[in-house]
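Submitted below is the structure of interest, expressed as structure tokens.
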Amino acid sequence: AVEAPPRLAARGVTVRFGGLVALSEVDVEVPAQSIVGLVGPNGAGKSTLFGVLSGLLKPTAGTVLMDDEDVTAATPQARARRGLARTFQHPELFSTLTVREHIVLGYRMRHSKSRLWTDLLTGGGFRRPPAAETERVDALVDALHLGSVQHAPAAGLPLGTSRLVEVARALAVDPRVLLLDEPSSGLDVRETEELATTLRELVADHGVSLLLVEHDVPLVLGMCDRVHVLDFGVLIAAGTPAEIRDDPAVRAAYLGT
Ligand code: ADP
Ligand code: MG
């Protein structure tokens, strides 16, 4: 049988910042309809890898593939049109735009031809949205329990709420692959559980693939089909959660036992 190509893959990705090697020949694959975890200590290079995968950062060497097509030179918006969305470790919201407008922007990343930045600068694009857009944005506002703050500006939102806005904005892209950078940080236990349920449903019901960076290791081991471990820019282990839990190099580098 011919296997489907991975939705997203990094092959031999190296990133240098001056003399610092943030990533060294890293290979990561996100197969269709799977949840892949990426863990590692602070500074291991996890967010840097997200930058390379999402197109914000050009790697010093290596390639990024979506469905076996080389997208290393493609812009973030071109990758979004192919179904890639991400969230940021530190929510990057526009302080004067409302919660709802952020979700609209996510939707238009994929569904509108242009005008994204013109809309944003003039405010004109937010006046008469198509019905399909309104429906989709309403559904996401509901799913992430953002109804009571949907018309509030992003400035001044608690961190947990900002995180949910980021996730809603990413989901509005209708991604085939979703990259989540520490989605549970700033969330309380109940919010984390709800988010985990929403994410599992996305994979099961909508065939989305996830790449999940988390410092909450039990969450990753409990949710993921495969886990990759980075340490100082080097991939030191990859395997099932059970394999990772028992890996001596991982325990030494990361779990501190
Ligand atoms: P993680 O997300 O795993 O905590 P990062 O990818 O944020 O790690 O950082 C990896 C390393 O690269 C760190 O040593 C960090 O200081 C460095 N780094 C990240 N971004 C930059 C940058 N834009 N310029 C210089 N160094 C950077
Ligand atoms: Mg990080």
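Here, each number is a calculation from the coordinates, and none is a lab measurement. Every value quoted in this text rests on a predicted model; they were computed, and no experiment measured them. When we count neighbours, we look across all protein chains shown, and the Cβ atoms used for this are built from the backbone with ideal geometry, even at glycine.
For VAL71, enumerate residues with amide H under 5 Å from its amide H, sequence gap 5+ or separate chain, H modeled in the peptide plane.
Under 5 Å from the amide H of VAL71: VAL64, LEU65, MET66.
Starting from the Kirkwood Rh over alpha-carbon pairs, what translational D in µm² s⁻¹ does region 8-255 have by Stokes-Einstein at 25 °C and 0.890 mPa s?
Estimated via Stokes-Einstein, D reaches 132 µm²/s.
Then there's this: Exactly which GluC sites (Glu not before Pro) in region 1-74 are in a DSSP loop and have at most 10 other Cβ atoms within 10 Å?
In loop regions of region 1-74 (DSSP not H, G, I, E or B), the sparsely surrounded GluC sites (Glu not before Pro) are GLU3.
What shape does region 1-98 have by the C-alpha gyration tensor, where a ≥ b ≥ c are the square roots of the eigenvalues, rounded means a/c under 1.5, and otherwise prolate means a/b greater than b/c and oblate the rest?
oblate
Here is a further query. Counting helices only, and only those DSSP H runs with n ≥ 4, report the 222 nm mean residue ellipticity of the chain as the sum of -39,500 (n - 2.57) divided by its residues, in deg cm²/dmol to the nearest 500.
-10500 deg cm²/dmol
What ³J(HN,Hα) values, in whole Hz, does the Karplus curve 6.51 cos²θ - 1.76 cosθ + 1.60 give for region 98-108 when θ = phi - 60°, with x put for Gly and Pro?
With the stated coefficients, region 98-108 comes to 7, 3, 4, 5, 4, 5, 4, 4, x, 4, 6 Hz.
Using amide H atoms built in the peptide plane, which far-off residues or other-chain residues are under 5 Å from LEU23 H to H?
VAL15
Using Cα springs under 10 Å in a Gaussian network model of the chain, which residue among SER24, SER112, SER209 shows the largest mean-square fluctuation?
SER112
Helix 131-143 against the longest principal axis of the chain: what's the angle in degrees, Cα atoms only, rounded to the nearest 10?
The helix 131-143 is inclined about 60 degrees to the chain.
Moving on to the next point. Give me the distance between the Cα centres of region 38-53 and region 183-257, rounded to whole Å.
13 Å
A follow-up question, please. Putting +1 on Lys and Arg Cβ atoms and -1 on Asp and Glu Cβ atoms, find which of HIS111, VAL21, CYS224 reaches farthest to the positive end of the dipole of region 8-255.
Farthest towards the positive end: HIS111.
Of SER148, SER184, PRO76, which is farthest towards the positive pole of region 8-255's charge dipole, taken about the Cα centre with +1 and -1 on the beta-carbons of Lys, Arg and Asp, Glu respectively?
Working it through, the farthest residue towards the positive pole turns out to be PRO76.
Sticking with this structure for a sec: Place a +1 charge on the Cβ of each Lys and Arg in the chain and a -1 charge on the Cβ of each Asp and Glu, then give the dipole magnitude about the Cα centre in debye, rounded to the nearest 20.
960 debye
Related question: What's the extension gain from ASP27 to ALA78 if we count 0.36 nm per residue and subtract their Cα-Cα distance?
Full extension from ASP27 to ALA78 adds 16.1 nm.
What residue among ALA172, ALA44, ALA85 has the largest mean-square fluctuation in a Gaussian network model of the chain, using Cα springs under 10 Å?
Judging by the Gaussian network model, the answer is ALA44.
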